[in-house]
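All remarks here apply to the structure that follows.
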Amino acid sequence: MAMTNPVSIIKGAISLIIGLGVTIKAFFQPVVTCQYPREVIAISPRFRGHTKLVGDDENPDRTRCIVCGMCERSCPSGAIHKVEGEKREGEKKKVATSYILDFSTCSQCGICVEVCPTDALAFSADYNIVGYSREDCRFDLVKEYEKRKTT
Ligand code: SF4
Ligand code: SF4
């Protein structure tokens, strides 16, 4: 049977005390993490989630999108599809009825937000999007706006 070396016992004990010292020190320091998902932190206003459509100031029933197609044509990733709309009674401009964003290919470059002539696009603060397929990353931003309006 091998004899335990007293030097290695002392070294082990010193290492244990140093390790415990680090743990005890950290125990009394301010908490820098949060208990997600029970707890969430405030998102920075500069955070870039997926793009969202912004409501019209004069008529919150519609978005500011006039279906010009500039964003769809400018997107370097081809992430914007089916930007469609209709001309409604009493409206001077088209109203968007469909706007598909494929977030799985979006690089969040912001070109669509910059080129929009009516400031109809902004970055959302959604950071916890999950899904099982690419399909789960395709959003109809018009439907999403309708949902946001009612909640
Ligand atoms: S942020 Fe960039 S990549 Fe994403 S949809 Fe807009 S233009 Fe396309
Ligand atoms: S550029 Fe703006 S107004 Fe034009 S289709 Fe895109 S979101 Fe709508």
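Projected onto planes of every orientation and averaged, the convex hull of the alpha-carbon atoms in region 1-56 covers 9.3 nm².
Put in order of Cβ neighbour count within 10 Å, fewest first, the listed residues F28, F123 become F28, F123. Using a Gaussian network for the chain with springs between C-alpha atoms less than 10 Å apart, which of these wobbles most: I18, I43, I80? The residue that fluctuates most here is I18. Put in order of Cβ neighbour count within 10 Å, fewest first, the listed residues H50, H81 become H81, H50. Please find, in a Gaussian network model of the chain (springs between Cα atoms separated by less than 10 Å), the residue of K25, K94, K52 whose mean-square fluctuation is greatest. Result for the chain, Cα springs under 10 Å: K25 fluctuates most. Largest first, the three principal axis extents of the alpha carbons in region 1-133 are 92, 31, 25 Å in whole numbers.
Is there a quick way to get the dipole size of the chain? I mean about its Cα centre, with the Cβ of Lys and Arg at +1 and of Asp and Glu at -1; what is the value in debye to the nearest 20?
Values: 21 positive and 19 negative charges, 91 e Å.
Its charge dipole is roughly 440 debye.
Lysine pair count for region 51-150 with Cα-Cα distance under 14 Å and sequence separation of 8 or more or different chains is 4. By the count of neighbouring beta-carbon atoms within 10 Å, fewest first, F139, F47 end up ordered F47, F139. Annotation for region 28-118: GluC sites (Glu not before Pro) lying in DSSP loop with at most 15 further Cβ atoms inside 10 Å of their Cβ are E39, E58, E89, E91. Between helix 6-27 and the chain there is an angle of about 40 degrees, using the helix long axis and the longest principal axis of the Cα atoms.
The angle between the Cα long axis of helix 141-150 and the longest principal axis of the Cα atoms of the chain comes to about 80 degrees, rounded to the nearest 10.
Taken together, the values in this text are just the output of simple stated rules run on the coordinates, not laboratory data. Remember, predicted model here, so these are calculated numbers, not experimental data. A quick note on method: Cβ atoms are made from the backbone with ideal geometry, for glycine too, and the neighbour counts reach across all protein chains shown.
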